[in-house]
Amino acid sequence: MADEVIAVSSDWAKRAYVDDAKYKAMYEASTTDPAKFWEEHGKRIDWIKPYSPSAVRDVDYNGDVRIRWFHDGVLNVSANCIDRHLSHRGDQTAIIWEGDDPSKSKKISYRELHGEVCRMANALKELGVRKGDRVTIYLPMIPEAAYAMLACTRIGAIHSVVFGGFSPDSLANRLVDCDSNVVITADEGLRAGKHVPLKANCDEALKKAPGVKKVLVVKHTGGKVGWEAGRDVWWHEIAAKVPADCAPEPMGAEDPLFILYTSGSTGKPKGVLHTTGGYIVFASMTHQYVFDYHDGDVYWCTADVGWVTGHSYILYGPLANGATTLMFEGVPNYPDSSRFWQVIDKHQVNIFYTAPTAIRALMREGEAPVKKASRASLRLLGSVGEPINPEAWLWYHRVVGDSRCPIVDTWWQTETGGILITPLPGATALKPGSATRPFFGVQPVMVDAEGNELQGACTGNLCLVNSWPGQMRTVYGDHQRFIDTYFRTYPGKYFTGDGARRDEDGYYWITGRVDDVINVSGHRIGTAEVESALVANTKVAEAAVVGFPHDIKGQGIYAYVTLKAGEHSSEELRKELVAWVRKEIGPIATPDVIQWAPGLPKTRSGKIMRRILRKIAENDFSNLGDTSTLADPTVVDDLVKHRGK
Ligand code: ATP
Ligand code: MG
């Protein structure tokens, strides 16, 4: 399909940190002698005590699995994100906050950020938090979320951010799993004008998490909240009492920085543990090179801080680089579906990073809402979270970017800490739908089901060898699960769980989770490919494809299809779509079943939960598994009711 190539413009090659030749030279250096490469690039961070050359890299993927980077170095992340910028950019805006309500926004300078973070750090100390303690953050997208995370890093507490859209049960599970005794929350959140009862959810969760002794509450909407004296503390009250200065705690490079639970697309969420030195080196380096960030740029990542993208690319990467980062409380379609583009004009955003699920949703609304805004400040676009269908890619490029902004389709995971496979805007010719080439120091390896390494152009399972500084170190409290999940399937390699195709140019095309590859009569078909074909039809808004047991073919293709607004399902349209896929991919990909789906089950981060769709396709409703991370569980009931229709 659409193997169109979009070359790097000469402007971009000139202005960017790296062009193609430099990419190749740096990549070569990073893989032939990784310790030397990272010894050099680790210096982008300020170290209280520098690491020694022999301590840069200590990795063993076998046996118990040991991953250490810069291990004798000492540093503090909040000092790197704030203090070191104060002398020359204290008055520069660190965070632009844009509220859910379009009339609300504010700018926080690096100097103001310093004061707020120090105060929050002192408040946490007052509440009894000590180095190594776990603090759970359950906040909306407000500046206090950034203060809270940075305050933890300042005093060496380990934060666990739980997305504000999660239910009391999901919050309770995460509190108990990492044994948190302090929670930071707000009275309420705001999403599309609706109030989200965070404090009430938290109160409910604490009934199942008795280990929590203190709750720090940010007053955001002023909504009514329940109160437990002795346990609950208002942030604004304690902030008025504590000093606005707090010395950063010297932390070992391998001291834990944060725990973050994966989004749970494939099962029970895992408490991914990241450590201090390697993570911040990798987050800051990838942010600079992938987004080609230069001083003065305004950068906007639309993720929530509850996801790893929010950690690495709203907060840590950008702030370590002294950037201006935009934090958005709202949603793409409130007050209307022009919101993103209006915010871009309002704050003169140069770099915009979002997810395919948002792009597809906005694509459904047509071009008019985009064209209402000028978007003239935009220079670069990014995508993350799922494979982006070529159709959506091309729309993003042509309509949002006016065919002038490169798109960086960045592949990575909570586990990887930062971006691993991605174009660099001044170096990489783009192919719509491909995450293209590995970042410095990243060595993808393709293997077949038996673990044999594949060479050249191939389709297989994506593994990584050789480690990179941002790699997770363990599953919190369960190192065995870490070994079993990532290093058992293909010994000596980190297994990503994703399938991919590598083309003749060495470009990677992520085909989805390996569980999502369907074996039809011995042919391996990536669900992403069939979905892309369906979405390329003008009547289709979204599609999810899974395999199901088939007497003759082994596995058959089952497609859930959401039509665009105004389109109606019919037997005729069903036939048309089947014929369409046959024409786009070939008869081997003919869908056996098309089910009309008014909505698809998605995680709170917007990813389609194919695990559940597989169960429905298999007619196995008894065991839908953990659905606690679903955004809207009622979608599932509808799909079950109309199965196979
Ligand atoms: P869980 O591990 O609990 O099932 P999850 O994998 O959805 O949840 P994340 O770590 O947030 O949690 O997501 C990483 C996954 O998202 C990748 O393994 C990949 O499947 C998908 N992904 C992310 N970015 C891209 C991209 N640019 N192209 C294709 N797939 C992507
Ligand atoms: Mg995963």
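Computed packing ranks the peptides 219-229, 365-375, 168-178, 426-436 as 426-436, 168-178, 365-375, 219-229, most packed first, by mean other Cβ atoms within 10 Å. Of the residues Asn76, Ala157, Ile108, the one whose Cα sits farthest toward the positive end of the charge dipole of segment 55-187, with +1 on the Cβ of Lys and Arg and -1 on the Cβ of Asp and Glu, is Asn76. Checking the table Lys104/Lys607; Lys125/Lys208; Lys553/Lys615; Lys539/Lys583; Lys214/Lys241; Lys539/Lys575 against a 21 Å threshold on Cα-Cα, which pairs fail? Those over the limit are Lys104/Lys607; Lys125/Lys208. The long axis of helix 143-155 is offset from the longest Cα principal axis of the chain by roughly 60 degrees.
For the chain, the cysteines with no partner cysteine C-beta closer than 4.7 Å are Cys81, Cys152, Cys178, Cys202, Cys301, Cys405, Cys458, Cys463. When you filter the trypsin sites (Lys or Arg not before Pro) in segment 427-517 for DSSP loop state and at most 16 other Cβ atoms inside 10 Å of their Cβ, you are left with Arg488. Rounded, prolate or oblate, given the Cα gyration tensor of segment 542-627, with a/c below 1.5 counting as rounded? Judged from the Cα gyration tensor, segment 542-627 comes out oblate (a/c at least 1.5, b/c at or above a/b).
Sites listed here are GluC sites (Glu not before Pro) in segment 379-485 whose DSSP assignment is loop and whose Cβ has at most 15 other Cβ atoms within 10 Å: Glu450. By the rule of a C-alpha distance below 16 Å, with chain neighbours fewer than 8 residues away ignored, the aspartates and glutamates paired with Lys268 are Asp169, Asp177, Glu415, Asp478, Asp484, Asp515, Asp626. Note on segment 212-255: the C-alpha convex hull projects to 5.3 nm² when averaged across all orientations.
Accessible surface for the chain, divided over its residues, is 36 Å² per residue with a 1.4 Å probe.
Summarising the label geometry, the points placed 7 Å from Cα in the beta-carbon direction at Glu618 and Ile552 lie 2.4 nm from one another.
A simple spin-label model places the labels of Glu126 and His88 3.6 nm from each other, with each point 7 Å out along Cα-to-Cβ. Of all aspartates and glutamates in the structure, those lying under 20 Å Cα to Cα from Lys371, and not within fewer than 8 positions of it along the same chain, are Asp336, Asp345, Glu391, Asp402. Measuring nothing but protein heavy atoms, the accessible surface of the chain at 1.4 Å probe radius is 49 percent carbon and sulfur. Other residues whose C-beta falls under 12 angstrom from the C-beta of Gly366 contribute a net charge of +2, scoring Lys and Arg +1 and Asp and Glu -1. Here is the list for segment 465-558: GluC sites (Glu not before Pro) lying in DSSP coil, each with at most 15 other C-beta atoms within 10 angstrom of its C-beta, are Glu504. Over segment 323-429, the ratio between the Cα radius of gyration and 2.2 N^0.38 Å evaluates to 1.04. Using DSSP, restrict attention to beta bridges with both residues in the chain and report what percent are antiparallel, rounded to the nearest 5. Beta bridges within the chain, antiparallel portion: roughly 60 percent. A simple spin-label model places the labels of Ser9 and Asp637 5.1 nm from each other, with each point 7 Å out along Cα-to-Cβ.
Assuming a ≥ b ≥ c are the square roots of the Cα gyration tensor eigenvalues, decide whether segment 137-227 counts as rounded (a/c under 1.5), prolate (otherwise, with a/b larger than b/c) or oblate. Oblate shape, in that a/c is at least 1.5 and b/c is the bigger or equal ratio.
With both partners inside segment 156-299, how many of the DSSP beta bridges are antiparallel, as a percent to the nearest 5? Mind showing how you got there, number by number?
Working: 8 of 18 bridges.
Of those bridges, close to 45 percent are antiparallel.
Over segment 579-618, all Cα pairs binned in 5 Å intervals from 0 give whole-percent P(r) values of 6, 18, 19, 19, 21, 13, 3, listed from short to long.
Determine the alpha carbon to alpha carbon distance for each of Lys602/Lys641; Lys106/Lys224; Lys24/Lys431 and list only those over 26 Å. Beyond 26 Å between Cα atoms: no listed pair. Ligands, DNA and RNA aside, Met472 has an accessible area near 0 Å² when probed at 1.4 Å. Straightening the chain between Ser103 and Val176 buys 22.4 nm, computed as 0.36 nm per residue apart minus the Cα-Cα spacing. Translational diffusion coefficient of segment 149-285 (Stokes-Einstein, Kirkwood radius from Cα pairs, 37 °C, 0.692 mPa s): 200 µm²/s. Let a ≥ b ≥ c be the square roots of the eigenvalues of the Cα gyration tensor of the chain; is it rounded (a/c under 1.5), or, if not, prolate (a/b larger than b/c) or oblate? Verdict is rounded for the chain. Counting 0.36 nm for each residue step from Lys194 to Arg44 and taking away their Cα separation leaves a gain of 49.8 nm.
Simple rule: put +1 on each Lys or Arg Cβ and -1 on each Asp or Glu Cβ in the chain, find the dipole, and look at Met251, Val578, Thr416; the Cα lying farthest toward the positive end is Met251.
The values are calculated or read from the model by the stated rules, or taken from the named source; none is laboratory data. Treat the numbers as computed from the prediction; the structure is a model and nothing was measured. Positions of Cβ are generated from backbone atoms using ideal geometry, with glycine treated the same way; all protein chains shown enter the neighbour counts. For accessibility, only protein heavy atoms count, side chains too; no ligands or nucleic acids. Shrake-Rupley method; radii C 1.70, N 1.55, O 1.52, S 1.80 Å.
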